[in-house]
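Step one of this worksheet: look at the structure below.
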Amino acid sequence: MNDQLLHITSMAFFALVTSITPGPVNIVLAMSGAQYGIRKSQPYVLGATIAFTSLLVCLGLGLGVVIATYPVITNSIKIIGTAYLFYLAYRIITSGNNYAHDHHERPPPGFIDGAFTQLLNPKAWSVSLSANSIYVAGHEPVIMTLTIFAILFFVICYASLWLWAAFGSKVATLPPAYVQTFHWVLGVCLILSIGLMWL
């Protein structure tokens, strides 16, 4: 296996591990899949995937240097993102018990919701910064490396988020007695993920 193929394989593994492990966007998608089904959750999946890939590219093209120069930007994103994620956790815990995919007072989370959640997700920023520093910086040609990484991340991130929505859709078949427990488990997991980002 030549060095380039080994590097691409390593990038793909990094993308898979960071995309499929639990995080704020994944947890929201599990809830969306449970309440609205896979099909209606797809705009959220697409919005979150495009937002993350765009963030990865922007940081790789120089925004990362600006962020490193002005730590107040990173801290502000973490504070605003934390507040928003706590709000999402509250929404999840207090969600209704109706998992009939066609009957809801609120519309399913859409493309803008997915993009907004991802851009306020401190995990997305830290993963993007780490990805660029490990796999892009110093690997010539940088633009080509970043392009390959962005394509890999887009495909793997989209597939991983789709799986979380699919997992959530299976919860819709649970007896009603288990529904509130599922809400609490997801909400607490989201709160724990927020705490881990501050360690």
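Observations
- Full-extension gain in nm, VAL155 to ALA83, via 0.36 nm per residue minus C-alpha separation: 23.0 nm
- Average accessible surface area per residue within the chain, 1.4 Å rolling probe, Å²: 51 Å²
- Tensor-based shape of region 6-94 (alpha-carbon gyration tensor, a/c under 1.5 rounded, otherwise prolate or oblate): oblate
- Under the Debye formula (equal points on every Cα, no solvent term), log10 I(q)/I(0) of region 145-199 at q = 0.16, 0.26 Å⁻¹: -0.72, -0.98
- Value at 222 nm in deg cm²/dmol, rounded to 500, when DSSP H runs of n ≥ 4 in the chain each add -39,500 (n - 2.57): -26500 deg cm²/dmol
- C-alpha long axis of helix 71-93 to longest principal axis of the chain, angle in °: 20 degrees
- Taking 10 °C and 1.306 mPa s as conditions, the chain diffuses translationally at an estimated 91 µm²/s according to Stokes-Einstein applied to its Kirkwood radius (Cα pairs).
- Multiplying the residue separation of ALA166 and ILE112 by 0.36 nm and removing their Cα-Cα distance gives an extension gain of 17.4 nm.
- Acute angle (nearest 10 degrees) that the helix 24-58 long axis makes with the longest principal axis of the chain, alpha-carbon atoms: 20 degrees
The values are calculated or read from the model by the stated rules, or taken from the named source; none is laboratory data. Bear in mind that the values here come from a model prediction, so they are computed numbers and not experimental data. When the accessible area is computed, the model is the full protein with side chains, heavy atoms only, and any ligands, DNA or RNA have been set aside. Shrake-Rupley method; radii C 1.70, N 1.55, O 1.52, S 1.80 Å.
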